Amino acid sequence: MKRRNFLTTSLAAATIGGLVGANVARAQAFPAKPIKVVLPVAAGGASDAIARLFQKVISKSSPQPLVIQNMPGGGFSIGGREVTGSPPDGHSVFMIHEGLISADAQGVFTPGVNSLVAIAGTGRDVYSIVVSGSSPFKTLKDLFDAAKSGAPIRAAVNIGGLNHLSSLIAAEPAKATIRPVQFSSGADSLRALLGNQIEVIFTVASDVFDYHKSGQMRVIAIMGDSRSPFLPDVPTTAEAGFPSRSELNHYWWMHKDTPPDRIAWFRDALGAAMKDDEIKRAFAARLIEPVFTSGAALQADIAKKKLVLGELVERFGLKQK
Amino acid sequence: MSMKPVLRTKGPDIAFGIVVMALGAVSIVEGLSIRPSRFDPLGPGAVPAMIGVALCILAGAVLLSTATSLRIGDGARLFTGLEDEAGSEPLLWQRALAVFVTTLAYVAVLELRLVGYLGATFAYTAFLLLVLGRRDARGTAIALVTAAVTAGLLDTIFRRLLSIDLP
Amino acid sequence: MSLAEAFIAVLQPLPFWVLSLGVLLGIIVGALPGMTGGMLMALALPFTYYMTDANAITLLIGMYVGGISGGLITATLMRIPGEPSSVMTTLDGYPLARAGQPGRALGLGISASVVGGGLSWIALVLLSPPLAKLGLQFGPFENFALALLALVMISSLSRGSFVRGLIAGLLGMLVGVPGVDESSGTMRFTFGIDALAGGFNLLPVILGIFALSQVFADLMAPDKPAMRVAADRRGILISLRDYVDHGWNMLRSGLIGIFMGIMPGVGASIGSIAAYTTARNLSKTPEKFGKGSEEGIVASETANNATSGGTLIPVITLGLPGGFTDAVLLAALMIHNLQPGPHFFANNTRIVHTIMASHLLAHVVMFAIMVVASLWIVRLMEIPKQYIATMVLVLCVIGAFALNGRLFDVWVMLAFGAVGLALEYVRAPLAPFAIGLILGPMAEGQFRSAMMMSEGSLAPLVTRPISLTLLIATLALFAWPFWRERHLRRAKITG
């Protein structure tokens, strides 16, 4: 008899509490509870650091805090499913770069990128082609010549990831073969290059700037339209004779059925944060272009990326059936 | 400490052998059905298939040794545990099973979001403490207080302090 | 800022309080099953935003050290590992405690932890550059050979149940298969279950196999009268003589731990397994292992604390994280607008020296806390079974959930609780399962990367010097138990 009382009491308490809570939430404006930012990468990476900076800045002025949830795995699917499976009320946000689009094109991102809508892009990074400081290759031409003559030119990449795609895109104009070797994280790739396990890596400039300055690594080309202001001596791939482009943008997504006003709220919060001194300093320190895209321009950008990446995945045979 | 040879495990040993063999077989089939990769010579299916083969062989060894009572690489265990006092008293497996089932129910309640974490944990903790312990007045009181404090503390720490989305 | 100045800075009231808080929380979380020190660090990250960068580091390192050390408490007193790295401590700590010497068991573990931390601190301060360079020489071939060496330890740890040990190891490896295969981007063994796309997470499986199965095993065992533990701290502070007796073990295990710490992705769990196995192989009384061998406790605990310093070496020399905990540390720095990298650490000795000072002081604080609280801690053994069982279950449920915010992980944990029980019932040892689980995916990944590097050739395995050395060591380790048993048997016959 005693046991039944407890269960009943706790059930009743929970129900009443739940009803009261729900009513309060409906009456209040958005956001009514902490906003969950899902990162489909492990804590401690570059994307993670950027997300946490925004978390810090936005939480300062928002009525509810932002909460970061790291859910790595499954080609971003685990994290993605968390967002697509949550109610589309604006309280769940997904933060991941265009690797998501590529993973979707490969068939690995199981929720499907079309179940999400991009709400903003904060920051653009450009891929660079990097060799070891002691490498014999001083220019991109050196690298491709060696590759074409049959010498093993291996790149430390995450198979299926953006750096792998970058390596394929870069080698195409030269019709050279750069052999991919799997290294799962950016840190592993850097380590592999420092240890001369492989010949070249493809990564964003901020990862290697320090090593380039200290001579441990050498950036031989930038896969962008113009030279990086921080590496003025490094030519673009076009200037080096083998034009190719690859960039990494930090995108924020929400469930596609989220009400537009809530999307606007978060988008505006991000836009305001971009003007914050702390964010500006962080972007400058990390050599990230403080670009903020939203609205029609963003949707056009995403649509174009879906086409381009989809075509690349098809052409390079990266589709997983 | 005397370790009586545990003869009663013939049935479980056979079951173990069969299960492992089945897992091995599934691994082989599943592994071989994965398309080879263009990037490395081994491919994604090779290692699971090899594990499967090894498991099947070893399971065969277990079955063989059980069936023929030949000791093939068998003997004492490393992890001291269940059989410290082998055979001296019967194991209270019903109690463990009851707790296991209760735990399953608890997680199911959380999964189905019938009651919040606070309520479910309180109910679960109180239930277990009462079922497993003394049900006199003092024991009951301690159990309830412990359950309330535990549920409250965990809910506060995780939901409020750490902002984790509890069911 | 010099190292001495950094020490003084950390000893100021606020930083020291922050350090002590971190260590205390780390010890508590490390002891409690369900959550690990690493998770605590990640959860604490948002709170570090508002601290100075030095205090953020101090807090996180305190948590890290506390976490690794705290695991030995429940491992020794309840045979429930609070952290994956304490699994080996359960094998000998618990039997010794049960035999009536819980104080000594704890004392050995605590002292071993401090020595391990101290040894790794020396390596951190004096030998970081050369050790880091050595670490860079380890490419996929070397890492594979190392993983092979560690996997072969399965044979050492399942002597007597060789076949079942091997099965357990292979089953562990199998559990690591489902999910995305990184080397090809292909989804494997998910059988259409979405939630398996990320594979089985390590923590829920370890919690299930070791903690839950232990709880259910305890529930099945008939009730004994509550153990009256001598409520004195006898043995907590081990004597100088003990330090001498166990000196070689501590030194060797410490070196193994430091080395394993430097290797990326390997971590404290493998360090303690490697040290334990080595201690057993080299011990004059190997039959005592698993029954309360002091050497076993010392080996396991020295090594897992030694990895704490080892893992910081690549961080301060290269700016590269070796594992999850490093990554969290670097994330904290990045949030404070410090961009880690070799350049940065060379020019920001303040941060480097703060890391070093915090690391050593954290061990001192840990020692003080654990020794002072030992009287109370030892009483844990007297708590009635139903409270321990219930608390462990509740903590494991929320811990498994908090990892990723998914109830799926909780279901996985429960399932593996049943698996752990089943394995125990058919006398399959669990430690090899853990080895297979932790090392299997790494061994496979490294091997396939190696094959990509060499275009399918196995030659580099024997032509690269480090790899060759490790392979020879692997063969030796594999053959050792058999050779030794034959040698002993022959000695008995002729002797």
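Some values worked out for this structure:
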quantity: Residue check, C:Ala400 under 18 Å from C:Ile80 (Cβ atoms), crowded, with 24+ Cβ neighbours inside 10 Å and within 8 Å of chain B (Cβ to nearest Cβ); calculated: no
quantity: When residues of segment B:150-167 are limited to those that are hydroxyl-bearing (Ser, Thr, Tyr) and out of contact with any Lys or Arg (no Cβ under 9 Å at 6 or more places or on another chain), the one surrounded by the fewest Cβ atoms within 10 Å (Cβ to Cβ); calculated: B:Thr156
quantity: Conditions (1) farther than 16 Å from C:Ile388 by Cα; (2) open to solvent by 10 Å² or more (accessible area, probe 1.4 Å); (3) modelled with pLDDT of 90 or more; number of the one not met by C:Asp53; calculated: (3)
quantity: Selected residue (criterion: nearest to B:Gln94 (Cα to Cα)) from residues of segment B:152-167 that are within 8 Å of another protein chain (Cβ to nearest Cβ) and part of a helix (DSSP H, G or I); calculated: B:Leu154
quantity: Lone unmet requirement of (1) open to solvent by less than 30 Å² (accessible area, probe 1.4 Å); (2) at pLDDT below 90; (3) at the interface with chain C (Cβ under 10 Å from one of its Cβ atoms); (4) within 20 Å of B:Ile164 (Cα to Cα) for A:Ala42; calculated: (1)
quantity: Residue that is surrounded by the most Cβ atoms within 10 Å (Cβ to Cβ), among those in segment C:365-389 that are in a helix (DSSP H, G or I) and free of Cβ contacts under 8 Å to residues at least 60 places away in the same chain; calculated: C:Gln386
quantity: Among (1) more than 26 Å from C:Ile193 (Cβ to Cβ); (2) at pLDDT below 90, the one test that A:Phe54 misses; calculated: (2)
quantity: Residue in segment A:225-246 that is under 17 Å from the mean Cα position of the chain (by Cα) and more than 30 Å from A:Gly85 (Cβ to Cβ) present; calculated: yes
quantity: Hey, A:Ser189 within 14 Å of chain C (Cβ to nearest Cβ), assigned to a helix (DSSP H, G or I) and buried (at least 19 other Cβ atoms within 10 Å of the Cβ) or not; calculated: yes
quantity: Residues of segment C:200-214 that turn out to be more than 8 Å from C:Ile80 (Cα to Cα) and either surrounded by fewer than 24 Cβ atoms within 10 Å (Cβ to Cβ) or within 11 Å of chain B (Cβ to nearest Cβ) (or both), as a count; calculated: 6
quantity: Residue satisfying all of: in segment A:261-293; open to solvent by 40 Å² or more (accessible area, probe 1.4 Å) and of a type in the set (Gly, Ala, Ser); modelled with the lowest pLDDT among these; calculated: A:Ala285
quantity: Filtered residues of segment A:152-180 (kept if aliphatic (A, V, I, L, M) and either under 20 Å from A:Val313 (Cβ atoms) or away from every other protein chain (no Cβ under 12 Å) (or both)); calculated: A:Ala155, A:Val157, A:Ile159, A:Leu162, A:Leu165, A:Leu168, A:Ile169, A:Ala170, A:Ala171, A:Ala174, A:Ala176, A:Ile178
quantity: Matching residues in segment C:87-122 - criterion: being closer than 13 Å to C:His246 by Cβ and hydroxyl-bearing (Ser, Thr, Tyr); calculated: C:Ser111, C:Ser113
quantity: Only one of A:Arg245, A:Arg218, A:Arg227 that is surrounded by fewer than 23 Cβ atoms within 10 Å (Cβ to Cβ) and part of a strand (DSSP E or B); calculated: A:Arg218
quantity: Per-region count, segment C:260-279, residues more than 13 Å from the chain's Cα centre (by Cα) and of a type outside the set (A, V, I, L, M); calculated: 3
quantity: Flag if C:Gly405 is open to solvent by 30 Å² or more (accessible area, probe 1.4 Å), out of contact with any Lys or Arg (no Cβ under 7 Å at 6 or more places or on another chain) and either without any contact (Cβ under 8 Å) to a residue 60 or more places away in the chain or of a type in the set (Lys, Arg) (or both); calculated: no
quantity: Single residue of C:Phe482, C:Phe478 found to be among the aromatic types (Phe, Trp, Tyr), in contact with a helix residue (DSSP H, G or I) (Cβ under 8 Å, 6 or more places away or on another chain) and open to solvent by 50 Å² or more (accessible area, probe 1.4 Å); calculated: C:Phe478
quantity: First in segment A:74-99 and at the interface with chain C (Cβ under 9 Å from one of its Cβ atoms) and hydrophobic (A, V, I, L, M, F, W, C), second anywhere and part of a helix (DSSP H, G or I) and surrounded by fewer than 24 Cβ atoms within 10 Å (Cβ to Cβ), Cβ under 9 Å, 6 or more apart; calculated: A:Ile78/C:Asp194; A:Ile78/C:Ala195; A:Ile78/C:Ala197; A:Ile78/C:Asn404
quantity: Subset tally (residues that are under 22 Å from the mean Cα position of the chain (by Cα) and at pLDDT below 90) for segment C:442-472; calculated: 1
quantity: Helices (runs of 4 or more DSSP H) completely within segment C:255-364 that count 2 or more residues being touching a Cys at 6+ places or on another chain (Cβ under 9 Å) and open to solvent by 20 Å² or more (accessible area, probe 1.4 Å); calculated: none
quantity: Residues (among the aromatic types (Phe, Trp, Tyr) and more than 19 Å from C:Ala132 (Cβ to Cβ)) located in segment A:144-202; calculated: A:Phe144, A:Phe202
quantity: Flag if C:Ala418 is within 8 Å of chain B (Cβ to nearest Cβ) and either open to solvent by less than 30 Å² (accessible area, probe 1.4 Å) or under 15 Å from C:Gly208 (Cβ atoms) (or both); calculated: yes
quantity: Residue check for C:Ile438: hydrophobic (A, V, I, L, M, F, W, C), in a helix (DSSP H, G or I) and more than 11 Å from chain B (Cβ to nearest Cβ); calculated: yes
quantity: Residues located in segment B:24-53, provided they are within 7 Å of another protein chain (Cβ to nearest Cβ), among the hydrophobic types (A, V, I, L, M, F, W, C) and open to solvent by 30 Å² or more (accessible area, probe 1.4 Å); calculated: B:Phe39, B:Leu42
quantity: One residue from A:Gln64, A:Gln69 being farther than 24 Å from A:Gln106 by Cβ, open to solvent by 10 Å² or more (accessible area, probe 1.4 Å) and within 7 Å of chain C (Cβ to nearest Cβ); calculated: A:Gln69
quantity: Search result, residues across segment C:170-189 that are at pLDDT 90 or above, of a type outside the set (Phe, Trp, Tyr) and assigned to a loop (DSSP other than H, G, I, E, B); calculated: C:Gly176, C:Val177, C:Pro178
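Residues are listed down the side, and each one gets a yes or a no for (1) out of contact with any Phe, Trp or Tyr (no Cβ under 7 Å at 6 or more places or on another chain); (2) polar (S, T, N, Q); (3) in a helix (DSSP H, G or I); (4) farther than 20 Å from A:Gln182 by Cα:
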site: A:Val93; (1), (2), (3), (4): no, no, no, yes
site: A:Ala103; (1), (2), (3), (4): no, no, yes, no
site: A:Val108; (1), (2), (3), (4): yes, no, no, no
site: A:Gly121; (1), (2), (3), (4): no, no, no, yes
site: A:Arg124; (1), (2), (3), (4): yes, no, no, yes
site: A:Asp142; (1), (2), (3), (4): yes, no, yes, yes
site: A:Pro152; (1), (2), (3), (4): yes, no, no, no
site: A:Ala155; (1), (2), (3), (4): no, no, no, no
site: A:Ser167; (1), (2), (3), (4): no, yes, yes, no
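The values are calculated or read from the model by the stated rules, or taken from the named source; none is laboratory data. These numbers were taken from a predicted model, which means no experiment stands behind them. FYI the Cβ positions are ideal-geometry reconstructions off the backbone, even for glycines, and counts take in every protein chain you see. The protein model used for the area step is the full one, side chains on, heavy atoms only, and it has no ligands, DNA or RNA in it. Shrake-Rupley method; radii C 1.70, N 1.55, O 1.52, S 1.80 Å.
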